[in-house]
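S.K.: I am attaching a structure below and will ask some questions about it afterwards.
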């Protein structure tokens, strides 16, 4: 296995390479979505919420966090080489618990990178929609949609990678609510198999 090093991803990649390699982004991570609006709507309509999905699912998230990020350098190549970098995030409750707003911060090549995440619960559909904008572009991306069940959150959408259609999954494990883990995975075969390419290990600083 290749040695894992702490490397700033922007230091070794040009902007174009960064956008191609990091083509997807977590609701609380770095990167750029390449959704079309039609794909975003289609993904949302296909997601069935769990029976226990509720507006309380993201209560664990409120507060201040430090985050250790691990990002796979090479996708769909059975690779084991990872970028590792740190970030912070502050999450605030809004809309009487139907919404949460997150402010994500890290340093990329010596520059501050800021992300804005918005998580909204629809009581009618019982689905959560997760939205993102960042200081690279100033554009709100279409949502990643899903729900929680048994302390596991799964959120889905459709996109493309290197000209190929892919499915993506954002996976939350909140078994330890002071140290939750977020994972991003891509699938080239309509969800039959998945490759995990990004992990975010959260540590609570303040409730």
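S.K.: Any idea how many residues of region 109-134 are without any contact (Cβ under 8 Å) to a residue 60 or more places away in the chain, touching a strand residue (DSSP E or B) at 6+ places or on another chain (Cβ under 9 Å) and farther than 21 Å from residue 184 by Cα?
M.R.: Selection size over region 109-134: 2.
S.K.: May I pose another question? Would you check which residues across region 151-178 are touching a residue at least 12 places away in the same chain (Cβ under 8 Å) and not in a strand (DSSP E or B) and list them?
M.R.: 151, 162, 174, 175, 177, 178
S.K.: Sticking with this structure for a sec: Based on this model, can you work out whether residue 72 counts as touching a residue at least 60 places away in the same chain (Cβ under 8 Å) and within 17 Å of the chain's Cα centre (by Cα)?
M.R.: Yes.
S.K.: Also: Among the residues of region 103-144, count how many are assigned to a strand (DSSP E or B), under 24 Å from residue 53 (Cβ atoms) and touching a helix residue (DSSP H, G or I) at 6+ places or on another chain (Cβ under 9 Å).
M.R.: Adding up the residues that qualify gives 9.
S.K.: Name the residue that is surrounded by the most Cβ atoms within 10 Å (Cβ to Cβ), counting only residues in region 179-207 that are in contact (Cβ under 8 Å) with a residue 40 or more places away in the chain and farther than 21 Å from residue 64 by Cβ.
M.R.: 184
S.K.: So is residue 166 out of contact with any helix residue (DSSP H, G or I) (no Cβ under 6 Å at 6 or more places or on another chain) and modelled with pLDDT of 95 or more or not?
M.R.: no
S.K.: Now a separate question. I need the full set of residues from region 42-80 which are in a helix (DSSP H, G or I), crowded, with 18+ Cβ neighbours inside 10 Å and modelled with pLDDT of 90 or more, in order please.
M.R.: 60, 61
The values are calculated or read from the model by the stated rules, or taken from the named source; none is laboratory data. The structure presented is a predicted model; accordingly, all values stated were derived computationally and were not measured. Glycine gets a Cβ as well: all are built from the backbone with ideal geometry, and neighbour counts include every protein chain shown.
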